[in-house]
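Notes follow once the structure below has been shown.
The numbers here are math on the coordinates, done by the rules we state, and not lab data. Just so it is clear, the model here is predicted, and its values are computed rather than measured. Note that we place each Cβ from the backbone using ideal geometry, even for glycine, and neighbour counts take in every protein chain shown.
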Amino acid sequence: MPYIYSNKTVAVEVEELVPRFWKKIQSLQQELYRYKDKPFGIKRLQLGGNGRKLLVDFDSLPSDIQDSLGDPRKAEHPLQPFFEWDSEAPEYYSKFKRGGTTILKSDEQERYIINASVMQAVLKLEQARIQERLKMKHTLVGLTESLRYDVESFQNYLRSKHEVEHTLPVSIRFKELLKDFKQNKFLALIKDPTGTGKQNARKVDEKTEMILNALFKNQIHKPTPTDIARNYDAFLNGYAEVYNEDTGEMYNPKDFKKLSPATIINYINKWENTLATYKARSGDRQVYMGKFKPHHQMQMPTMAGSIISIDDRQPPFIYNKQGDRAWFYLGVDIASQAITTVVYGKSKESILIDFYRQMVRNYTEWGYCLPNELECESSLNSSYKDTLLRPGTMFQKVKIEANNARGKYIERINGKLRYEIEKTAMGWIARPKAKSEANQLSSEKKTVIPFDILVNERMLEIEQFNNSAHPDNPAISRWDYFEQNQHADLKPTNWELILPHLGHKTLTSCNAGYVKLQGKKRAIAQNGKILTGEALIQQMRVIEGKEFEVYWLDGNEGQVLKALVYFNGRFVCEIMEMPRYNRATIERTAADEAALQLQSSYVASVDLFEKRQRSKIENVQIIDNTPKTVNSNFRFKNVKRYEAREEPAEVFTDDQDDEILYTPQQTAVPSWKRNFM
Amino acid sequence: MARAISLKTLYEKRYEVYDFNGPWLDVLGNPEKGKVWLIYGDEKNGKTMFALKLAEYLSQFEPVYYISAEEGTGKSFQENAMKRAKLDVKKANIKFLEYTELDEVEKILSKRKPPKTMFFDNITVYNDELAYGRFRKFTMKYPKTTMVFIAHEERGEPYTATAKLCKRLARYILRVKGMTAFVSGSCPGGTIMIDEQSAQLCHGSQIKN
């Protein structure tokens with residue numbers, strides 16, 4: 001076969017010409033030589049010899065030889081030169097979703113890719129044909145018809161060359177398709193792109209499905225799907241009327257088709273329908289969320305103090321015959337899984353504020369900053385939303401999970417406590433419907449454990465839990481992990497903001513530089529240091545001798561952990577216990593000396609201020625002549641008293657010479673005032 | 001006095017015909033020699049190329065004279081013959097003439113061994129010489145010469161009145177349109193593709209059948 005040599009030239013090898021058209025190679029060579037320099041006749045493309053083959057130019061051969069050899073450039077079909085596999089179509093069809101939901105099947109995609117490629121070729125051919133016809137003054141009438149015929153006959157070419165077939169219409173519909181394809185491109189080839197094509201044949205159409213769901217959801221007695229099937233049957237047979245409460249529309253049974261109970265049950269139980277009806281019917285949000293709502297997936301924090309998760313919990317033990325269980329409120333540091341704060345009590349409400357106090361106490365005494373973020377349930381904590389739990393007050397961030405058990409990490413720790421630690425303890429109460437049989441209720445009777453013992457046992461268990469191995473670092477305990485991996489960027493406790501909400505309130509006053517609280521005289525301080533000098537005087541000016549509120553928090557041993565003075569609702573200063581020193585000089589230690597010095601400078605500050613104030617005052621006196629009586633109508637007769645003399649005192653007249661007469665200066669220019677006189 | 005012939009004589013009459021084969025046979029059958037043919041079509045639709053191909057084919061049977069009156073034997077005509085029609089220099093028994101006055105042509109035709117086939121490319125050039133009934137006289141004068149006239153087309157008809165007359169008198173009419181010759185007249189009829197590629201581009205694959 002002749003083959004394309006370069007660009008547009010086609011080469012023919014000698015074997016194809018000899019002996020078919022030239023008997024001997026010599027005669028071919030002679031002829032090649034003869035026409036070598038002539039503008040016509042057969043021509044060489046390449047000289048033979050030295051490994052090369054003699055090649056003859058196909059175009060220079062006589063037409064009958066050309067016809068019998070066949071031109072490789074010649075298109076077998078008018079569409080062939082324009083046909084190529086479309087590069088955009090596969091992507092388009094692989095991403096297309098019918099009706100926005102269903103991806104096309106792969107064989108359907110394949111079909112459309114073939115069709116799209118053919119249609120693209122048709123568009124190119126159409127343009128070429130228009131040009132050709134215009135050039136030859138040929139009418140454009142019948143152009144589409146000629147294309148339709150080409151598409152039809154192209155099928156053979158596709159079958160033989162590519163072993164595929166297109167499914168384009170070759171009827172009158174081709175014209176519409178061509179127009180559509182020009183406008184909408186690939187979309188035009190998709191059958192039923194909106195996915196509504198099969199809707200007409202449906203027995204359960206959208207309206208029927210809605211009515212089934214509505215009957216299932218809205219009836220207050222919570223019917224079963226079987227009930228709905230019965231209802232629907234009654235509706236179709238005219239025994240029941242179905243109406244829309246909002247619009248007043250009465251539904252006509254003739255508009256609905258007969259359905260089998262199984263169909264109705266299946267439709268009601270479809271996920272997308274249960275999703276909508278379950279919430280309204282069940283009312284248990286936790287179960288609804290567990291069943292239908294996807295949850296966030298997060299990575300665990302690695303630094304202690306990043307986030308603390310808190311929740312209440314009733315350990316499964318009872319402390320009286322009524323079956324009451326103790327309330328615990330736990331806070332777990334998520335990264336270390338260490339339970340850092342525990343409070344307990346007999347009711348849930350009473351322990352929450354105490355829980356936050358306990359957290360402050362614990363973290364302060366351990367010397368760590370409060371956690372950065374809090375994760376808690378909504379019911380009790382929401383009341384602190386705008387005070388203690390406002391971001392920036394106690395925690396920098398607060399995540400209140402409203403009725404979303406899965407949202408809090410501590411639930412996982414509660415599970416661990418329950419099944420890994422507490423389960424073997426005496427009096428543990430199983431859940432009647434626990435998932436695992438091993439965790440279900442046994443036939444054993446419930447044991448009552450006295451409250452104090454119960455609490456003590458639980459606290460010991462929490463200790464055990466904190467001292468057990470950290471799941472990510474089995475070499476160290478949870479508590480060790482907590483201690484070793486404190487986040488470096490935690491903010492120090494903001495006492496000024498949290499104490500008004502957390503602290504105990506005591507009304508007291510400042511006398512002689514000391515504020516009395518809990519029976520002890522406390523000195524004025526700031527930022528944990530007792531003030532002296534001018535700073536002390538500044539604060540004393542505000543509070544000395546006045547009544548004010550002190551908010552304070554007690555430590556784990558009952559001592560005052562922190563006490564802040566608030567005057568008229570404004571934070572003023574801190575008060576601290578004054579360090580004492582030994583009265584006997586011989587017994588004094590270095591600390592005592594420091595205490596002595598501090599106390600001395602505390603006292604000296606006031607003394608100095610007194611002196612300074614005193615020196616500011618000059619020796620100013622007053623003579624007060626205010627009459628003390630209204631008149632002198634009442635008099636004792638025999639009493640001696642001061643009497644004013646009757647003669648008036650002589651008054652000297654001033655010298656005449658001293659009088660200075662005022663003579664206004666006369667000016668030549670008359671005053672403008674004169675004009676008005 | 002004219003002599004009428006009987007039906008038997010008519011049936012027994014023998015004519016000289018071209019012994020065509022291949023696609024030519026399918027479309028034109030075996031045409032009778034010495035008749036008038038007309039090739040017409042719009043410009044650049046392939047008239048000359050087709051005429052040359054036909055001339056080459058007819059030259060297999062009898063020598064052909066091709067009067068290239070319009071184009072002459074200039075470069076474009078040479079290219080048309082060599083590159084497009086691809087006439088085989090060894091086989092084609094064709095002689096070319098540039099524009100020759102009709103009287104001269106008549107002299108050629110009146111020779112003792114006149115050419116049996118003559119192409120006139122194209123009739124417009126000979127319009128003056130063939131007008132006023134001279135066309136009929138001229139063609140009837142040489143009944144043994146097959147004359148192929150080539151004419152322009154205007155509004156779907158051959159251009160100039162002479163060409164129209166030629167169409168009426170011609171036995172074989174070949175209309176060239178979009179590199180395809182549509183054959184009609186006293187023959188089976190059909191289409192001959194002058195250049196398959198261009199013909200299919202213009203008319204679609206339908207033209208093949």
For chain A, size of Cβ-based charge dipole, Lys and Arg +1, Asp and Glu -1, in debye: 2220
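Work through the residues other than A:ILE114 whose Cβ is under 13 Å from its Cβ and net out their charges, Lys, Arg +1 and Asp, Glu -1.
Working: positive: A:ARG111, A:ARG159, A:LYS161; negative: A:GLU84, A:ASP86, A:ASP107, A:GLU108, A:GLU110, A:GLU163, A:GLU165.
Spelling it out: positives minus negatives among the neighbours equals -4.
Roughly speaking, what is the stretch gain from A:ALA488 to A:GLU444, that is 0.36 nm per residue apart minus the C-alpha to C-alpha distance, in nm to one decimal? Before the final figure, lay out each step's value.
Details: separation 44, 0.36 × 44 = 15.84 nm, distance 5.05 nm.
Difference between extended and current length: 10.8 nm.
Looking at the stretch A:463-615, how many pairs of lysines come closer than 15 Å at the Cα, when each pair is eight or more places apart or spans two chains? Each step should come with its number before you reach the end.
On the way: A:LYS505/A:LYS516; A:LYS505/A:LYS562; A:LYS516/A:LYS546; A:LYS516/A:LYS562; A:LYS520/A:LYS562; A:LYS521/A:LYS562; A:LYS529/A:LYS562.
Lysine pairs meeting both conditions in the stretch A:463-615 amount to 7.
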Measuring from centroid to centroid over Cα atoms, what is the spacing of the stretch A:349-405 and the stretch B:163-209 in Å? 97
Alpha carbon centroid spacing (whole Å) that separates the stretch A:523-566 from the stretch A:154-209: 85
Among the helices of chain A (complete DSSP H runs), which have Cα atoms covering no less than 30 Å along the helix axis and a Kyte-Doolittle mean of at least -0.5? A:590-615
For a quick check of your reading of the filter: which trypsin sites (Lys or Arg not before Pro) in the stretch A:567-597 sit in a DSSP loop and have no more than 16 other Cβ atoms within 10 Å? A:ARG580, A:ARG583, A:ARG588
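Using only atoms on other chains, find how many Cβ atoms lie within 10 Å of each Cβ of peptide A:141-147 and report the average. List each step's numbers first, then the result.
Values: counts 0, 3, 1, 0, 2, 7, 2.
Taking all residues of A:141-147 together, the mean is 2.
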Checking B:GLU32, B:GLU56, B:GLU196 against a Gaussian network model of chain B (alpha-carbon springs below 10 Å), the top fluctuating residue turns out to be B:GLU196
Just counting partner chain Cβ atoms within 10 Å, what average do the residues of peptide B:175-181 show around their Cβ? 2
Env charge @ A:ASN252, Cβ radius under 15 Å, K,R +1 / D,E -1, value 0
Can you pull out the chymotrypsin sites (Phe, Trp or Tyr not before Pro) in the stretch A:1-106 whose DSSP state is coil and whose Cβ has at most 16 other Cβ atoms within 10 Å? A:TYR35, A:PHE40, A:TRP85
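Express the C-alpha Rg of the protein assembly as shown as a ratio against the empirical globular expectation 2.2 N^0.38 Å, rounded to two decimals.
Working: Rg = 59.6 Å, N = 886, 2.2 N^0.38 = 29.0 Å.
Here the answer is 2.06, to two decimals.
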Lysine pair count for the stretch A:237-343 [Cα-Cα under 25 Å; pairs on different chains or 8 or more apart]: 7
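A:GLU549: net charge of surrounding residues, Cβ under 15 Å, Lys/Arg +1, Asp/Glu -1, itself excluded? List each step's numbers first, then the result.
Numbers: positive: A:LYS505, A:LYS516, A:ARG522, A:LYS546, A:LYS562, A:ARG570; negative: A:GLU496, A:GLU547, A:GLU574.
Summing Lys and Arg as +1 and Asp and Glu as -1 gives +3.
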